[in-house]
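Structure first, then comments.
All of the numbers you see were taken from the coordinates with simple rules; none came from a lab. As the structure is a prediction and not an experimental result, all values here were calculated from the model. Every residue, glycine among them, receives a Cβ derived from its backbone with ideal geometry; neighbour counts consider all protein chains shown.
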Amino acid sequence: MNTALKVAVFTSGLALAFGAAYGVGHAVGSTPAPAAGRAHQAHDATAAPEGHGGHEEHPVGGLQISDRGYTLSLDRPVVPAGGPTELSFRVLAPDGKPLTAYRPAHEKELHLIIASRDLTDFQHVHPVRAADGTWSVPANIAKAGDYRVFADFVPAAEAESLTLGADLHAAGDYRPAALPQTGRSVTVDGYTVTLTGDLTAGRTGRLAFAVSKDGRPVDDLDPYLAAYGHLVVLRAGDLGYLHVHPSGAPGDGVTEPGPEVDFEATAPSAGEYRLFLDFQHAGAVRTAAFTLTAGGGAPAAAEAPASAPASSESAHRH
């Protein structure tokens, strides 16, 4: 084979190789997001997020930046670390315009959660919306690293809530911490919060938090956002988001203002989770953080009799 022919053959092979590589990359890049990352679509959860194998009967929210045509758009995805900063963002509607019509849920049009990727920092804040649809809120980004921002809201045109998530980066020297191990009791600002109950994959279970101060049960918790407590659960690894609410409500004639606040929650998979309980007493909101390991559970369909249809329940409650 002469030199010219060798060059031609080599060039053709190279072109074919690059063409095949491009085709594979294009196919991978265009693969739809897994169903498990779609908030509130419990009836079509056929895929699990990366790093959590197996079928998820109860999908989590916050794994997607866009869902059902709505997109979370941060104005600044990179912010300075070490102190207060201003976060601003918009929710883009299916027509591409900023969303300006919301349905209030728990006294707010939108709940914003900011959590560090190592789950050692957590903030639940309520931004203010301008007339053009831009939301803004001061936040304290104390340390450098990677964060996840969750927007929890109900568009006025929708019947169900959405939870969208976007990455936020704080510039600086990043030193991730190990997942905190807390046990069943934690202390925050002189209050002791004790957790009973467990998370089980695929099964709804009761989580109860008892609040005490100076050894005495706190039986006069303040109503906070139409409840005596709010619980956010984040899955370690991918920060899959569950936002659960307590049984009962202030003023319903049944629910007592402490010392115990009860929740029902379903873990979408076995593994470790961080639980962040917000409660208010004496006019101040405090957050008690726990680490809890969810055990594996048989899918509901496998436990039900052959003649009984399996039930499906959303992991995100409002």
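Set Lys and Arg Cβ to +1 and Asp and Glu Cβ to -1, take the dipole of region 213-285 about its Cα centre, and tell me which of 247, 284, 259 lies farthest positive.
Checked the options; the winner is 284.
Would you please give the residues with an amide H less than 5 Å from that of residue 64, counting only those at least 5 places away or on a separate chain, with H modeled from the backbone geometry?
165
Which cross-chain or sequence-distant (5 or more) residues have an amide H under 5 Å from the amide H of residue 87, H modelled 1.01 Å from N in plane?
137, 139
Under a point-charge model restricted to the Cβ atoms of Lys and Arg (+1) and Asp and Glu (-1), what is the dipole moment magnitude of region 170-276 relative to its Cα centre, in debye to the nearest 20?
Using only the charged Cβ atoms, the result is roughly 420 debye.
Excluding residue 221 itself, what net charge comes from residues whose Cβ is under 12 Å from its Cβ, given Lys and Arg +1 and Asp and Glu -1?
Net charge around residue 221: -4.
In terms of the ratio Rg/(2.2 N^0.38 Å) built on C-alpha atoms, what value belongs to region 251-295?
1.46
Once the Cβ-Cβ distance between residue 182 and residue 95 is put in as r, and R0 is 41 Å, what FRET efficiency do you end up with, to the nearest 0.05?
Using R0 = 41 Å, I get an efficiency of 0.35.
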